[in-house]
Amino acid sequence: MTKDFIYFKNKAKLAFRKRQYLRVLEILSCANVFLGELNTKQSLYFTMLCMLSDMALEYEDEARALFEYYQIIHNKNNLEAEEIVLEMIENFDKNLYALNLAIWSLQEAEIDKNDGILYEDFEVHSAKVGFKEAFEDLMFSSKIIFTNKNEFLFFVRNLVKFGFEDIAINYFENAGNLLFYDKDFMRLYRKILQNKKV
């Protein structure tokens with residue numbers, strides 16, 4: 001069993017080093033069928049290498065960096081090396097989601113910039129005349145374009161503060177499903193809905 005595991009491990013590792021990520025996935029799939037039950041350490045290694053190979057199909061540099069990092073911490077006899085790398089892959093996925101959300105906001109701003117005003121420009125106007133008046137000035141004539149999450153959250157909090165709860169809820173609902181995966185957005189959205197019920 002150990003000899004067979006080492007055979008598949010070395011074969012998959014070599015394929016990864018040669019940048020043959022689909023081949024790694026094939027090897028690990030065969031190993032899974034051929035080897036049957038693995039101990040926890042072996043299973044974690046195969047899971048880690050599988051996830052790194054999958055990640056490398058789109059984010060090769062990052063996956064290879066994590067693989068090299070694994071080699072370093074594994075060589076120092078770190079018994080949790082695989083778990084550490086698996087957690088880093090998971091965090092990469094979470095950060096990637098946040099990054100994609102920011103990129104999506106920027107792309108939307110680029111598409112709509114002729115139809116609206118950037119939030120930072122709205123802030124300048126708001127500083128001169130006050131939030132409520134600035135919002136009422138633009139409410140029907142322009143869209144407000146947000147380039148990051150914090151701008152959106154700050155703006156929605158101000159809508160609630162100045163009595164525009166229905167419009168704040170509208171902003172959330174029109175923003176689409178992406179926002180509902182973010183805990184900060186959901187927390188604020190729930191708070192607004194609870195206040196509306198009171």
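Data for the structure
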read-out	value
Where residue 78 falls short, out of the listed (1) at pLDDT below 85; (2) closer than 30 Å to residue 26 by Cβ; (3) open to solvent by 60 Å² or more (accessible area, probe 1.4 Å)	(3)
Odd one out for residue 38 among (1) in contact (Cβ under 8 Å) with a residue 12 or more places away in the chain; (2) hydrophobic (A, V, I, L, M, F, W, C); (3) part of a helix (DSSP H, G or I)	(3)
Residue list for the stretch 41-60, filter: part of a loop (DSSP other than H, G, I, E, B), open to solvent by 70 Å² or more (accessible area, probe 1.4 Å) and in contact with a Leu (Cβ under 9 Å, 6 or more places away or on another chain)	57
Contacts under 6 angstrom Cβ, first residue in the stretch 139-160 being within 16 Å of residue 190 (Cα to Cα), partner surrounded by fewer than 16 Cβ atoms within 10 Å (Cβ to Cβ), 6 or more apart	159/167
Odd one out for residue 63 among (1) surrounded by fewer than 19 Cβ atoms within 10 Å (Cβ to Cβ); (2) over 21 Å from residue 5 (Cα atoms)	(1)
Any hit, the stretch 19-27, residues being more than 31 Å from the chain's Cα centre (by Cα) and over 19 Å from residue 74 (Cβ atoms)	no
Odd one out for residue 85, checked against (1) surrounded by 14 or more Cβ atoms within 10 Å (Cβ to Cβ); (2) assigned to a helix (DSSP H, G or I); (3) modelled with pLDDT under 85; (4) not aromatic (Phe, Trp, Tyr)	(3)
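The values are calculated or read from the model by the stated rules, or taken from the named source; none is laboratory data. Computed from a predicted model, the values in this text were never measured in an experiment. Virtual Cβ from ideal backbone geometry, glycine too; neighbours counted across all protein chains shown. Keep in mind that these areas ignore ligands, DNA and RNA; they rest on the heavy atoms of the full protein, side chains included. Shrake-Rupley method; radii C 1.70, N 1.55, O 1.52, S 1.80 Å.
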